[in-house]
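I have placed the structure first, in the form of structure tokens, so that the comments after it can refer back to it.
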Amino acid sequence: MATTAPQQKITYTSANVDMEAFHKTYDAALAEVRAQVGKSHPLYIAGKAVEVPGREPIVDVSPIDTGLVLGRFACAGPEQVDQAVRTAKAAQAGWARLPWQERIRIMRRAAELIRERKFVLSAIMSLEVGKNRLEAMGDTEESADLIDYYAQQVEDHQGFTRAMARLTPIERNTEVLRPYGVFVCVAPFNFPLALSTGMSSAALMTGNTVVYKPAEDTPWTGLKLYEVYRDAGVPAGAFNFVSGHGREIGDPMWQHPLTDGVVFTGSKAVGMRIFHGLSQHWVKPCLMELGGKNSTIVMDSADLDAAAEGVMRSAFGLQNQKCSATSRVYVHRAVAQPFVEKLLTQTRAITMGDVSRRDVWFGPVINARAVERWEQAVAQARKEGRILLGGERLRGGDFDRGHFVSPTIAELPLSSSLFMEELFVPFLAVAPIDSLDQAITETNRAEYGLTSGLFSTKQAEIDRWFEEVEAGVCYVNKRSGATTGAWPGAQPFTGWKGSGSSGKGGCGPWYVQQFMREQSRTVIEG
Ligand code: UN1
């Protein structure tokens, strides 16, 4: 069966899709992908395969089944990093000299190819990340839409060239935005296609070249993005695929003197290290999205069914491994008991296991380190408060093959550090509050400020919350996901405080401009 058949678009909040056709095509794509596992893959620098003979490859295993080796990926060292950055530098002028319309044409072709390949790309992500089918397809569709949305921004601004005022009749003044040069693009595992595509496509279409490092846990999806760009016509050397161990190659990439900027999505700790280290001789752009500790506030006027479903979806979708996930809930004391009961009922109904199967919603966490983090959080919660649901590793059958932990909800005192630290595992902290003021104060106490959710039917509360909450992406009464599901062109994804660096997010109208610098051009014509 063809896995490239066109089908309806799936977003993170889709309904009314023909699920029979979807699952049939997904099954076929999974079979196709399973037939390709276990191969060895090189790096791609200057359009050429580069082997790294002296170093052990990265063994890419599925978190669903750690016995399933998806592939072996060449493990770059500093020498290959140097080669990749030099290559990107050499390719940059030629790429930037193309008329912007030509770059946009190539990038829009890449979006088309992602849509053509969407079932195979999603099936790979299901196996490589442990993403359920709809989440994986959402990731793929978002990737294509990100390219188109950014391309539209460039078109709407005529390639970012505009005529400026004249101070005298004899001068002609123009301003143009021009690329910085070489961007190092470091991607995380959780949205291995959407975040890689969003960051790199914005860099590329504005005339930069890219050295791309996929997350260590998801090099296969990253390689597929390389193939998309190559097949779309991105010239050799403009996008270089360099897999390897996190810090070992990440550091030499951004520390390289020929690197002109960094675009990074990942942890705050790593992001801050890059930010502080990047600008040694002059200030270089460092565009970062750095995680969250997102709260949802449930007020006494809320529709509690909607709130419970919205929180469950945002807390446990992709096993909480989203920067946008809800990981703490402040619920008004007057409705705390019925809300928590509904939340527990919703969470008990979650289907768990091998997420590559249809109808399984909740899968494994990404690796053994994540299991450990979850175990530590559970142990701390047992000491400080009360586990309301979960708290055990999942065992037996499918569960014994992968990194499976149960969706866990704990009631904790507001003083617990579990309300403030990002964990990135399925652990939800809940506490009753007495007022909106208190809930906003608690929310804003965190170092992070990415997404935030509110369930309330009182306009005055909604207005106040928008005004006072310190977060870039705010949702009211969102049942399909209290704090998750941002989409290109609909919800710009901007991290405030410790969640980002520039105040202008991906998915938004000010994103691509950040990959360029102004040049004002004055010509005296007299
Ligand atoms: C992330 O986890 O870094 O809003 C991105 C969402 C997704 C993006 C999450 N579009 O839930």
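Can you confirm whether Ser480 is open to solvent by 20 Å² or more (accessible area, probe 1.4 Å), polar (S, T, N, Q), within 16 Å of the ligand (Cβ to nearest atom) and outside any helix (DSSP H, G or I)?
Numbers: open to solvent by 20 Å² or more (accessible area, probe 1.4 Å): yes; polar (S, T, N, Q): yes; within 16 Å of the ligand (Cβ to nearest atom): yes; outside any helix (DSSP H, G or I): yes.
In short, yes.
Could you list all residues from the stretch 423-432 that are out of contact with any Asp or Glu (no Cβ under 9 Å at 6 or more places or on another chain) and open to solvent by 10 Å² or more (accessible area, probe 1.4 Å)?
Those that are out of contact with any Asp or Glu (no Cβ under 9 Å at 6 or more places or on another chain) and open to solvent by 10 Å² or more (accessible area, probe 1.4 Å): Leu423, Phe424.
Just the residues that are loosely packed, with under 13 Cβ neighbours inside 10 Å and not acidic (Asp, Glu), please, taken from the stretch 505-521. Walk me through how you get there before you give the answer.
In the first step, residues of the stretch 505-521 are kept if they are loosely packed, with under 13 Cβ neighbours inside 10 Å; the result is 518-521.
Hits for the stretch 505-521 are Gln519, Ser520, Arg521.
What are the residue pairs meeting all of these: first residue in the stretch 503-518, first residue away from the ligand (no atom under 14 Å from the Cβ), second residue part of a loop (DSSP other than H, G, I, E, B) and charged (D, E, K, R), Cβ atoms under 8 Å, and 6 or more apart or on different chains?
Between residues of the stretch 503-518 that are away from the ligand (no atom under 14 Å from the Cβ) and residues that are part of a loop (DSSP other than H, G, I, E, B) and charged (D, E, K, R), the close pairs are Trp510/Lys504; Gln513/Lys504; Gln514/Lys504.
Within the bounds of the stretch 4-25, is there any residue that is at pLDDT 95 or above and among the aliphatic types (A, V, I, L, M)?
Looking through the stretch 4-25, none of the residues is at pLDDT 95 or above and among the aliphatic types (A, V, I, L, M).
Hey, Ser452 hits all of (1) part of a strand (DSSP E or B); (2) more than 14 Å from the ligand (Cβ to nearest atom) but one; which does it fall short on?
Of everything listed in (1) part of a strand (DSSP E or B); (2) more than 14 Å from the ligand (Cβ to nearest atom), Ser452 misses just condition (2).
Evaluate the following for Ala123: is it open to solvent by 10 Å² or more (accessible area, probe 1.4 Å) and of a type in the set (Gly, Ala, Ser)? Can you show your working first?
On the way: open to solvent by 10 Å² or more (accessible area, probe 1.4 Å): no; of a type in the set (Gly, Ala, Ser): yes.
So Ala123 does not fit the description; no.
Tell me whether the stretch 268-280 contains one or more residues that are farther than 30 Å from Thr87 by Cβ, touching an Asp or Glu at 6+ places or on another chain (Cβ under 9 Å) and either modelled with pLDDT of 95 or more or within 16 Å of the ligand (Cβ to nearest atom) (or both).
There is at least one residue in the stretch 268-280 that is farther than 30 Å from Thr87 by Cβ, touching an Asp or Glu at 6+ places or on another chain (Cβ under 9 Å) and either modelled with pLDDT of 95 or more or within 16 Å of the ligand (Cβ to nearest atom) (or both).
Quick one: which residue in Glu309, Glu341 is away from the ligand (no atom under 13 Å from the Cβ), in contact (Cβ under 8 Å) with a residue 60 or more places away in the chain and open to solvent by 20 Å² or more (accessible area, probe 1.4 Å)? Break it down into steps so the answer makes sense when it comes.
On the way: Glu341 fails: in contact (Cβ under 8 Å) with a residue 60 or more places away in the chain.
Every option except Glu309 fails the conditions.
The conditions are (1) β-branched (Val, Ile, Thr); (2) outside the structural domain of Arg464 (by TED's automatic domain parsing); (3) assigned to a helix (DSSP H, G or I), and Val311 fails exactly one of them. Which is it?
(2) is the only condition that Val311 fails.
The rows are residues; the columns are (1) out of contact with any helix residue (DSSP H, G or I) (no Cβ under 9 Å at 6 or more places or on another chain); (2) modelled with pLDDT of 95 or more.
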position	(1), (2)
Asp398	yes, no
Ser417	no, yes
Leu450	yes, yes
Glu467	yes, yes
Val473	yes, yes
Arg479	no, yes
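Run down Lys458, Lys497 and say which single residue is more than 11 Å from the ligand (Cβ to nearest atom), open to solvent by 10 Å² or more (accessible area, probe 1.4 Å) and not assigned by TED's automatic domain parsing to the domain that holds Pro364. Before you say what the answer is, go through the steps one by one.
Details: Lys458 fails: not assigned by TED's automatic domain parsing to the domain that holds Pro364.
Criteria check complete, one pass: Lys497.
The values are calculated or read from the model by the stated rules, or taken from the named source; none is laboratory data. In this text, all values refer to a predicted model and were calculated from it rather than measured experimentally. All Cβ positions, even for glycine, are placed from backbone atoms using ideal geometry, and neighbour counts span all protein chains on display. Surface areas here come from the heavy atoms of the whole protein model, side chains and all, with no ligands, DNA or RNA. Shrake-Rupley method; radii C 1.70, N 1.55, O 1.52, S 1.80 Å.
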